[in-house]
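The values are calculated or read from the model by the stated rules, or taken from the named source; none is laboratory data. Predicted, not measured: the structure shown is a model, and the values here were computed from it. In case anyone asks, the SASA skips ligands and DNA or RNA and just uses the protein heavy atoms, side chains included. Shrake-Rupley method; radii C 1.70, N 1.55, O 1.52, S 1.80 Å.
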Amino acid sequence: MRRIRTLLLLALVCSLLTSGAAARAQEMSPVRDSAGVLSLGVQEDARDLIRRVNDRTDIQILVETRHFLGGSDAQSYAQGLLGEAEAPEHSLLLLMVIGEESYALAAGDSADRLLNREARDSLLSSSFRGYFLQRDYDRALASFLTRAGDQLAAAAGERLKRDDLFEGLE
């Protein structure tokens, strides 16, 4: 009986450690799909593209999906999330609020220098908004990230290799 209790306790501890590690990995990931609307392939390609952008520009792109914000304004909520980032001044955060059909883009100072408000608004309206409102979240994110990555890299005097990502979604 004692042996069974020990094994059960050991199993519980292992389970808690594993779930804690998974939660930390989710927190540290640049793509957090809390709403569960992005395919695994798009999440993987997004992480790869985000890494490439960061390597070329020192800008960290972050993506967060939520179902609802509980009455909070999307832009204010995005700014709050940006403030919690590891390096908020070097970050660009895209918030997609699925249940409220809203979104916001927040930028730290360094990101704003490479991609100002007018450029960000244009980027959202030309490559994101239509797909998002059609509920094609994979395509909305792929389109946004590829164009944002290209613009950030160009503003930093770099070129971004991305032809192997988001196949069939652009």
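Please list, in chain and number order, the residues 5+ apart from Q60 or on another chain whose amide H is under 5 Å from its amide H, with Hs placed from the backbone. Sorted by chain and number, the residues that satisfy this are S91, L92.
For R32, nonlocal amide neighbours, meaning residues 5 or more places apart or on other chains whose placed amide H falls under 5 Å from its own, are V63, E64, T65. Computed over protein heavy atoms with a 1.4 Å probe, the accessible surface of region 97-170 works out to 50 Å² per residue.
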